[in-house]
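Each remark here refers to the structure printed beneath this line.
The values are calculated or read from the model by the stated rules, or taken from the named source; none is laboratory data. This structure is a prediction, so every number in the text was calculated from the model and none was measured. Cβ: placed from backbone, ideal geometry, glycine included. Neighbour counts: every protein chain shown. We work out accessible area using only protein heavy atoms, side chains counted, and drop any ligands, DNA or RNA first. Shrake-Rupley method; radii C 1.70, N 1.55, O 1.52, S 1.80 Å.
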There are 2 protein chains.
Amino acid sequence: MQLDQIDKKIVGILQTNSNQTNKQIALQLNLSVTATYERIKKLEKEGVIKKYVALIDHDKVNRSFTAFCHIKLAQHTKEYISTFEKEIMQLEEVSECFHVSGDYDYILKVYVEDMKAYREFMVNKLTVLRHIGSTHSIFTINAVKNSSSIAL
Amino acid sequence: MQLDQIDKKIVGILQTNSNQTNKQIALQLNLSVTATYERIKKLEKEGVIKKYVALIDHDKVNRSFTAFCHIKLAQHTKEYISTFEKEIMQLEEVSECFHVSGDYDYILKVYVEDMKAYREFMVNKLTVLRHIGSTHSIFTINAVKNSSSIAL
DNA sequence: ACTGAAAATGTCGAACC
DNA sequence: GGTTCGACATTTTCAGT
């Protein structure tokens, strides 16, 4: 699907705040409510907009501790990779997992309550996984910017 | 604010899909529409729910290339840190920026179209920033899991 | 892309368990 | 804390143009 300038603007608006009425969005676009409605429906249908979600304040739910965990597998066979990825998906503390280039194979983003909880996560959940070679943890001191949106 | 089990369930539901009607949510909670409505409003008012956003399919808008960029500052004075953080906020390619412990000072998550665009970002936008000591880039081969939600 | 109109929801007060 | 009922305002949704 090809996005024109108006579509891109809609995507920008909805990435910032999706809880606006069609009327409010139409106003920002200088478009009628129906035209806006149809464009949004199309973006949803085509899968450009994957879904709508609520973003939670980590501090208010005791998940202020963010860590990046770099992981090296013991081997790089197809079986090791696929097993590891399946298991990592099950860990609720892991909000993101990327297969990456470089010294390590995976980078995880982990949200837990505090350092104690992170230790428990490492000892009881992560290192019990088979196939893990080594890990390296980086702790965040402060989130300077933490956005879910992408610029178009 | 103290969250009970029902609140946590609401947060879970809205983190997965916020585009449901109160009625649909109430059904999942075995609660009345009004009770559901009031709990959600409270979560919003207290700031537990920060906002609602649309999530975009990166592939469909040509931002399939994800990189983690580790950055070391030249010095660690207050002035260097504050200037760097202000400048990094302005870069639209940077969706996340964390001040971290370890060998490097910052980790950025960068979304661009491809490697060529990443090179341009590095050369024209990142390395022109003053105060940067060194950088180390890690490229993602595959996103195994990429969620915005946190488990409660 | 716009107008107009029906159907569905959001919103909230009130009375009550 | 929870429920139900009711009612108005607002929105969504869609047909016709």
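Couplings 3J(HN,Hα) for the stretch B:134-149, derived from phi with the Karplus relation 6.51 cos²θ - 1.76 cosθ + 1.60 (θ = phi - 60°), are 8, 9, 8, 9, 10, 9, 8, 8, 6, 8, 6, 8, 8, 10, 9, 9 Hz, where x marks Gly and Pro. Counts of other chain beta carbons within 10 angstrom of each beta carbon in peptide B:41-52 average 4.
When the Cα centres of the stretch A:23-70 and the stretch B:54-100 are compared, how far apart do they sit, in Å? When both Cα centres are located, 21 Å separates them. Between chain A and chain B, roughly 5800 Å² of accessible surface gets buried, counting both sides and using a 1.4 Å probe.
Using a probe of 1.4 Å, the accessible surface attributed to residue B:86 totals some 130 Å² when neighbouring protein chains are kept in position. Amide H to amide H, with H built 1.01 Å from N, residue A:100 comes under 5 Å of A:106, A:107, B:141, counting only residues 5 or more places away or on other chains.
Taking the Cα centre of the stretch B:58-139 as origin, work out the dipole magnitude from +1 charges on Lys and Arg Cβ and -1 charges on Asp and Glu Cβ, in debye rounded to 20. If you can, show how the numbers build up before the last one.
Working: 10 positive and 12 negative charges, 19 e Å.
Value, rounded to 20: 100 debye.
With its label point put 7 Å out from Cα toward Cβ, residue A:24 sits 1.9 nm from the same residue's point in the other copies, in order from shortest. Selection among B:80, A:22, A:142 by position relative to the dipole of the protein assembly as shown gives A:22 as farthest towards the positive end (Cβ unit charges, Cα centre). Among the GluC sites (Glu not before Pro) within the stretch A:46-127, not one is in coil by DSSP while having at most 11 neighbouring Cβ atoms inside 10 Å. Projecting 7 Å from Cα along the Cα-to-Cβ direction, the label point of residue A:90 sits 4.9 nm from its equivalents in the other copies, listed shortest first.
Counting only other chain Cβ atoms within 10 Å of each residue's Cβ, the peptide A:55-64 averages 6. In terms of distances greater than 31 angstrom between alpha carbons, the cross-link table entries A:60/B:116; B:45/B:125; B:23/B:50; A:23/B:41; A:109/B:23; A:86/B:109 yield A:60/B:116; B:45/B:125; A:109/B:23. Along its principal axes, the stretch A:58-139 has C-alpha extents of 41, 23, 17 angstrom, given from the largest down.
Positive-end ranking of B:11, B:99, A:102 along the dipole of the protein assembly as shown, with charges on Cβ about the Cα centre, is headed by B:11. For chain A, a simple Cβ point-charge model (Lys and Arg +1, Asp and Glu -1, everything else neutral) yields a dipole of about 380 debye relative to the Cα centre. Within the straight-line cut-off of under 15 Å between alpha carbons, the aspartates and glutamates reachable from residue B:78 are B:87, B:105, sequence neighbours fewer than 8 places apart in one chain being disregarded. Nearest chain B C-beta to the B/A rotation axis, reported as residue and distance in angstrom, is B:148, 3. Each Cα pair under 8 Å and six or more residues apart adds its sequence gap; the mean of these over the residue count of chain B is a relative contact order of 27 percent.
In Å², what does the accessible area per residue of the stretch A:58-139 work out to with a 1.4 Å probe?
Numbers: 4000 Å² over 82 residues.
With all protein chains present, the stretch A:58-139 gives 49 Å² per residue.
Excluding ligands, DNA and RNA, the accessible surface per residue across the stretch B:5-45 is 62 Å² with a 1.4 Å probe.
Counting only protein heavy atoms and using a 1.4 Å probe, the accessible area of residue A:106 comes to about 0 Å². Net charge dipole, the stretch A:5-45: roughly 60 debye, given to the nearest 20, about the Cα centre with Cβ charges of +1 for Lys and Arg and -1 for Asp and Glu.
Here is how far apart the residue B:120 label points are across copies: 4.8 nm, shortest first, using a point 7 Å from Cα toward Cβ. Other protein chain C-beta atoms within 10 Å of residue C-beta, averaged over B:135-146: 6.
Ignoring ligands, DNA and RNA, what percent of the accessible area of the stretch A:5-45 is carbon or sulfur (1.4 Å)? The nonpolar share, carbon plus sulfur, comes to 51 percent.
Net charge near residue A:72: determine it from the other residues with C-beta under 10 Å of the C-beta of residue A:72, scoring Lys and Arg +1 and Asp and Glu -1. Show your work: numbers first, answer last.
Details: positive: none; negative: A:103, A:105.
After counting each charged neighbour, the total is -2.
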